[in-house]
Amino acid sequence: MKYRNDSGINDNRAEKRVLPFTDNRQPDNIYPMLRIRNLKCFYGQIMAVKGITLSVKEGEIIALIGANGSGKSTLMASVSGLLPTWTGEILFEGKNLKGMDPPAVVKSGISLVPEGRLIFPPMSVYDNLVLGAYTRLRKKAREDVQQAMETVTALFPILKERFSQPAGTLSGGEQQMLAIGRSLMARPRLLLLDEPSMGLAPLVVEKIMDVLELLRSQGLTILLVEQNARAALTIADRGYVFETGSVVLEGSADELLADTNVKRAYLGKDYEEFDDENR
Amino acid sequence: MIRTDKHLIACFVFAAAATATGLLVENAYYLQVMIFIGINTLLALSLNMLMGYAGQISLGHAAFYGIGAYTTAILSTTYNISPWLALPAAVFTAMAIAYFVGRPTLRLTGYYLAMGTLGFGIIVNIIFREWRSVTGGASGFVGIPPLEIGSFAFDTDRRYFFLVWGVVLFFFIICRRIIDSRVGRALRAIHDGEHAAAAVGVDTAKMKLKIFVLSAAMASLAGFLYAHQIFFISPGTFSFLASIRIVTMVVIGGMASIWGSLLGASLLTLLPEWLHAFADYEMMIYGLVLMLVMIFLPQGLTRGILDIYENSRKKNDK
Ligand SMILES: Nc1ncnc2c1ncn2[C@@H]1O[C@H](COP(=O)(O)OP(=O)(O)OP(=O)(O)O)[C@@H](O)[C@H]1O
Ligand SMILES: [Mg+2]
């Protein structure tokens with residue numbers, strides 16, 4: 001586990017608390033599926049992401065945690081092509097994503113489940129799902145899309161029951177399932193999820209995390225942004241902690257779960273409990 | 001798919017009704033009113049594709065209507081070119097202008113898009129008015145020839161009625177096909193959330209531009225039909241108020257509804273005719289009717305009538 005300081009400049013006094021990297025499951029010679037180097041994202045003059053470096057290896061679940069406004073969604077928008085104003089390097093399977101628009105990114109195998117779900121409320125559940133396969137739905141791909149539809153409805157049977165219902169009338173949890181199902185319709189190899197647990201009851205969150213684990217076991221690679229750090233770190237292999245546009249901490253999920261600073265800031269433990277554990 | 005079949009049946013019924021009307025109605029005045037309803041339906045439908053389905057407002061749609069009318073008027077009258085050659089020229093001109101205006105303008109959203117298209121409409125109208133040597137200026141353009149195929153001229157109201165409603169029916173079918181396709185789903189996605197549409201891989205900018213150009217093409221075709229029906233055009237017909245009228249037809253008839261375009265166009269064409277009798281109060285009653293429709297049927301006539309029908313059926317079932 002590595003602590004990094006905020007400024008991005010090496011500062012030998014602060015935050016050089018490097019813990020042993022205990023995650024040995026992934027051999028280091030695997031070339032990462034997604035490699036982000038020195039990513040800086042801009043909204044006009046404002047730099048919202050300030051030089052982030054991270055990697056996602058094939059088959060991993062990676063958690064990004066951090067406070068509100070720390071730049072997690074901005075990073076997701078940059079990877080998915082929605083935010084073109086960034087510098088640095090984003091390589092997906094060795095291909096640079098610079099200058100690619102969202103349709104091109106989706107076609108290349110990356111799907112985003114956007115923050116706040118962003119389903120299409122007046123449209124039927126079915127139409128929402130079909131829209132997920134938008135970039136693939138040419139005449140030839142009909143059967144292929146049908147197959148994707150079956151995979152998704154097998155994963156979320158509730159969606160099939162609601163096929164013709166307007167998506168806006170689904171419950172929050174169902175809408176999240178729809179959003180995930182919709183992005184799976186594009187048959188991605190890398191799935192980006194931006195706060196899938198937002199506003200959901202613990203039981204539903206658990207269900208969604210189970211689904212993500214299942215998807216990973218089927219070969220999907222997942223980059224997961226979460227406020228619910230505990231849920232995310234429970235299923236993740238590794239994680240990165242964001243603070244005001246920079247990565248301040250990275251490490252294996254177990255290490256992060258055990259880290260005192262993470263506990264205090266993101267796992268909602270109060271100081272007493274926190275003191276108890278450290279005694 | 002089921003929807004498409006239903007729509008086809010509806011189109012058949014509609015075509016039969018239109019044919020019967022065209023054959024049975026003798027009164028020239030009624031035929032003329034119905035020709036204008038047809039032209040307005042085409043206009044409303046063109047804007048409905050853009051506004052009702054894709055959610056992009058245009059307050060300058062009459063500009064394309066006018067571009068269609070003036071292009072054919074100038075080519076077929078001043079230059080003696082066959083109207084059938086002027087037709088593609090008119091449609092192409094409108095599409096080209098839509099393309100170049102749409103590219104920067106469609107980046108705007110909401111009120112800003114409304115202002116942008118409003119400005120465009122006003123500029124085009126000033127050109128119609130001030131470019132006197134070409135357009136005839138404020139006093140208008142006279143002497144536009146009728147449409148002919150060989151020795152067959154669309155010179156009676158009955159013949160023109162069939163021409164216009166044939167075109168309308170054709171576009172009912174085309175538009176329905178677009179709406180039920182992958183493209184139509186993408187348009188509705190843009191309407192519901194442009195950001196989300198982009199996230200699933202819809203090329204939103206390109207898609208909006210496409211539908212804007214299609215919409216302009218349909219409006220210019222309406223302008224073509226208008227010019228060769230009344231042989232005289234003037235800038236007032238294509239003014240800012242005309243653009244507002246088209247928006248009103250769409251909203252009153254029902255957004256995102258093909259049949260709504262027909263109902264909205266019918267009401268807004270017929271109302272002024274019916275209200276002539278009220279002389280001084282005409283415009284007041286006109287405004288009042290529009291207000292009442294919006295207050296009691298906020299989703300427009302189509303949805304409103306369907307709701308009333310479904311409710312009464314439910315009551316009868318009990
Ligand atoms: N469209 C925008 N224009 C200007 N600034 C923006 C825009 N979107 C985000 N920002 C700023 O960028 C920073 C990072 O925002 P971002 O949405 O990436 O945070 P986040 O980590 O996803 O937060 P949250 O957990 O609340 O979703 C914030 O300071 C935010 O105000
Ligand atoms: Mg966010």
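The values are calculated or read from the model by the stated rules, or taken from the named source; none is laboratory data. The structure presented is a predicted model; accordingly, all values stated were derived computationally and were not measured. With ideal geometry, Cβ positions are generated from the backbone for all residues, glycine too; neighbour counts draw on all protein chains shown. Accessible surface is based on the protein model in full, side chains and every heavy atom, while ligands, DNA and RNA are left aside. Shrake-Rupley method; radii C 1.70, N 1.55, O 1.52, S 1.80 Å.
Using the Cβ-Cβ distance between B:Met294 and B:Tyr30 with R0 set to 35 Å, the FRET efficiency from 1/(1 + (r/R0)^6) comes to roughly 0.80. Interface residues of segment B:159-188, defined as those losing at least 20 Å² of solvent-accessible heavy-atom surface relative to the isolated chain (probe radius 1.4 Å), are listed as B:Arg182, B:Arg185, B:Arg188.
Residues whose amide H comes within less than 5 Å of that of B:Ile233, counting only those at least five positions distant or on another chain, are B:Phe141 (H built at 1.01 Å from N in the peptide plane). Proximity of backbone amide H atoms, modeled 1.01 Å from N, is registered between B:Ile81 and B:Ser76 at under 5 Å, excluding neighbours fewer than 5 places apart on the same chain. Taken residue by residue and averaged, Cβ atoms of other chains lying within 10 Å of the Cβ of A:113-119 number 3. Ranked from largest to smallest solvent-accessible area, with a 1.4 Å probe on the protein heavy atoms, B:Phe12, B:Phe120, B:Phe172 come out as B:Phe12, B:Phe120, B:Phe172.
In this structure the amide hydrogen of A:Val247, modeled in the peptide plane, comes within under 5 Å of the amide hydrogens of A:Thr53, none closer than 5 places in sequence on its chain. For B:Ile308 and B:Arg132, FRET efficiency with R0 = 41 Å and r from the beta-carbon atoms, rounded to 0.05? FRET efficiency, B:Arg132 to B:Ile308: 0.20. Projecting the Cα atoms of B:Ala18, B:Leu106, B:Gly166 onto the charge dipole of chain B, computed from C-beta unit charges around the Cα centre, puts B:Leu106 farthest toward the positive end. For chain B, the 222 nm mean residue ellipticity estimated from helices alone, with every DSSP H stretch of n ≥ 4 adding -39500 (n - 2.57) and the total spread over all residues, rounds to -24500 deg cm²/dmol.
The HN-Hα couplings worked out from phi for segment B:171-187 by the Karplus form 6.51 cos²θ - 1.76 cosθ + 1.60 (θ = phi - 60°) are 6, 4, 5, 4, 5, 4, 5, 4, 5, 7, 8, 4, 5, x, 5, 5, 4 Hz, whole numbers, x standing for Gly and Pro.
Summed over the residues of segment B:2-238 and divided among them, the accessible surface reaches 42 Å² per residue at a probe radius of 1.4 Å.
A 1.4 Å probe, protein heavy atoms only, puts the accessible area of B:Leu267 near 30 Å². The antiparallel fraction among DSSP beta bridges confined to the protein assembly as shown stands at about 60%. The accessible-area ordering, largest first, of the residues B:Trp131, A:Trp86, B:Trp259, B:Trp84 stands as B:Trp131, B:Trp84, B:Trp259, A:Trp86, per a 1.4 angstrom probe. Heavy-atom surface analysis with a 1.4 Å probe gives segment B:1-126 a carbon and sulfur content of 74 percent of its accessible area.
Interface size, chains B and A: roughly 1800 Å² of accessible area buried, both sides included, 1.4 Å probe, rounded to the nearest 100. Summarising the label geometry, the points placed 7 Å from Cα in the beta-carbon direction at A:Asn96 and A:Ala201 lie 5.0 nm from one another.
Accessible surface for A:Cys41 stands near 0 Å², nearest 10, in the context of the full protein assembly shown (1.4 Å probe). Per-residue accessible area for A:Glu195 at 1.4 Å probe radius, Å² rounded to 10? Counting only protein heavy atoms, A:Glu195 exposes about 20 Å² to solvent. If R0 is taken as 56 Å, the Cβ-Cβ distance between B:Leu8 and A:Thr244 corresponds to a FRET efficiency of 0.45.
By its C-alpha gyration tensor, with a ≥ b ≥ c as the square roots of the eigenvalues, how is chain B shaped: rounded for a/c under 1.5, else prolate for a/b larger than b/c, else oblate? Since a/c stays below 1.5, the shape of chain B is classed as rounded.
Leaving ligands and nucleic acids out of the surface, order A:Arg216, A:Arg187 by accessible area at 1.4 Å, largest first.
A:Arg187, A:Arg216
Residues of segment A:109-123 falling in the label zone of A:Thr169, defined by backbone nitrogen less than 18 Å from a point 7 Å along Cα to beta-carbon, are A:119-123.
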